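Here is the structure we will look at, set down as structure tokens.
What follows is calculated from the coordinates using simple rules that are stated; it is not laboratory data. Here the structure is a predicted model, which is why all the values come from computation and not from measurement. Backbone-built Cβ (ideal geometry, glycine too); neighbour counts: all protein chains shown.
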Amino acid sequence: MKILMMTLSVTAANGSTINNPGDISWGFLLIGLLGGLALFLYGMEKMSEGLKKSAGNRMRSILSKVTQNRSLGLIVGAFVTMVIQSSSATTVMLVSFVQAGLMSFTQSLGVILGADIGTTITAQLVAFKLTDYALLMIAIGFSMTMFSKNETFKHIGESIMGFGILFFGMKIMSDAMYPLRSLSTLIDVLKELENPILGILIGAIFTSLIQSSSAFTGIVIVLAQQNLITLSAGIPLIFGANIGTCITAGLASIGANREAKRVALAHVLFKVFGVVLFIFWIPAFADIIKNFGVKYSWSTARQIANAHTIFNVLLAFVFLPFTTIFGKLILKIIKARKVEEGIKPAVWHLDNSCLKTPAIALDLARSEIVRMSKILGRMLIGIIKPFISQEEDKDEIYPQLSIVEGIEMREEKIDFLEEKVSDYLIQIGKHELTDEQTNEVYQMMSILKDMESTGDVIQKNMIPLISKKRSLKGDFSKEGKEELLIYHEKVCKQISRLKEAFEELDPVKAKKIMAKEEKYLDLESEYRVHHLDRLYNESKGTAETHEIHMDLLDLLKQINIYAGNIAKTIFKMSKVNIDKT
């Protein structure tokens, strides 16, 4: 490295134009470029990881507040992506919200446009000439990471250290490129990048290769800092980077669920249509940026960063009023899932690419468990019908299935999801987690087991009672049937409350389930006594259905107990103190 710096110093002192490429030490130059790029990318990853760890747990809750307001969605999308430094992570969260029914696909489009603005913040930071303070930032970040006992401070320190490494990598790349500014042959080649089509193509290809528009934009800014490219060449390159980043997202969505494909397609269409709109007036756009640059003494690097941000902001304002039209177009291209497809077990929310960001991965696991509770609710609602009616009812969602077939199909889903989510949580556990996240993994595993056991109660214990009940000539007594329906309805409400409590990690709702559990246990005992009184008094129908009646009450009681156990686990997961609730 010392020899490289000496070579650069001699070149800098000389300052003359190099016409012979042999005058440059290409070996050391290549070492400087590759080493600097490696540090740049590593620093960006480190900074992103620190920001995700320090803020990731709160970003989902902020994003979930976005509902009908497109403008608010745009702002929140930009803010969340700016903090977690990943538009991909933002879109993954959006997919889970759409699947969970928290927002429609059309509502998510405003957030996608905002996420594209958020990604430009990295370029703005890189454009600051902070390379001289890179080592200071590394030292400060390292000290915070090593010596702070506060987890949040540690993560902020990791971000600062990553930021410093990023700038140190920039400095090495910049110094390595210095001799190239005097190489007339290369300068002539780089001038060709002012051709919009060529610049966009190169930008898209390179961004797809390194899978980061922020990283490629940073490289373009380094080239500009050494005066190797002009603003007119830089703008097509960043346009290409905008296309390249959505190509990566598009490839990642292959094999994913429909909502993920729709989000990826929306990303692609926004970027491609935007570049098509701008490509015809790149010179005029460059002149506008350049004029402001002269007025405010912006460097070429700063002008490129500003062009990147302004492009995405204008794109957002152009397309925001038309998100409804875009949404309908994309829904026509990628049509809704056929009913038959929903019968097969499948995961909706889990995404292996998010495992390196535990805060988001845990939220995705929670979304899948919320979906399991919804499936359990449908199983429980359906199971009572065959006991009350002699008719062969059809499943409400899948009319091609009978009630029993629908319950067995959902039990298969529960078993499938329990296995998949458990494996996913184990994979999360292999990453660096906070104490809170580690506890969350264990608690979710406990909830999964209780849910799987609840499904078994319905499928393995209740379904066999149906044929047993139908083989009898008699029916439940009028009073007995009414009590079973009341108790069944109350247990169904417990499962419904469970979904809401876990979805929001709401300790108040969890505590309500726990209180209702005790109340319903008492009610079960009361109904049991009523039944035995009727049996003693030889009430019509009571004796014939005695065994089934008692078993059914007992099984519903078991489900109530499982709901209470899950509620206790949810309560432990919450940060709210018991006294406050």
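General observations
- Computed from phi, the 3J(HN,Hα) profile of the stretch 297-302 under the Karplus parametrisation 6.51, -1.76, 1.60 (θ = phi - 60°) reads 6, 7, 6, 4, 4, 5 Hz, with x in place of Gly and Pro.
- Ranked packing of 475-483, 148-156, 169-177, most packed first, by mean Cβ within 10 Å: 169-177, 475-483, 148-156
- Net dipole in debye of the stretch 448-581 [+1 Lys, Arg Cβ; -1 Asp, Glu Cβ; about Cα centre; nearest 20]: 340
- When you count the other C-beta atoms within 10 angstrom of each residue and take the mean per peptide, 414-425, 315-326 line up highest first as 414-425, 315-326.
- The H on the amide N of F128, modeled in the peptide plane, is under 5 Å from the matching H of no residue at least 5 residues off or on a different chain.
- Amide H contacts for I229 (H built 1.01 Å from N in the peptide plane; partners 5 or more residues away or on another chain; cut-off under 5 Å): A224.
- Note on the stretch 477-505 and the stretch 381-413: Cα centroid distance 17 Å, given to the nearest whole angstrom.
- In Hz, Karplus ³J(HN,Hα) per residue of the stretch 163-174 (6.51, -1.76, 1.60; θ = phi - 60°; x = Gly, Pro): 4, x, 4, 4, 5, 5, x, 4, 5, 5, 5, 4
- Radius of gyration over Kirkwood radius for the stretch 277-375, both on Cα atoms: the Rg/Rh ratio is 1.21.
- Amide hydrogen neighbours beyond the local backbone of S402, cut-off 5 Å, H modeled: D395
- Here the 3J(HN,Hα) profile of the stretch 515-532, calculated from phi with Karplus coefficients 6.51, -1.76 and 1.60 at θ = phi - 60°, is 5, 5, 4, 4, 5, 6, 5, 5, 5, 4, 4, 5, 5, 5, 5, 4, 5, 5 Hz, Gly and Pro shown as x.
- Given K413/K516; K413/K512; K449/K568, the pairs whose alpha carbons are separated by over 24 Å: K413/K516; K413/K512
- Rounded if a/c under 1.5, otherwise prolate or oblate - the stretch 256-330, Cα gyration tensor axes: prolate
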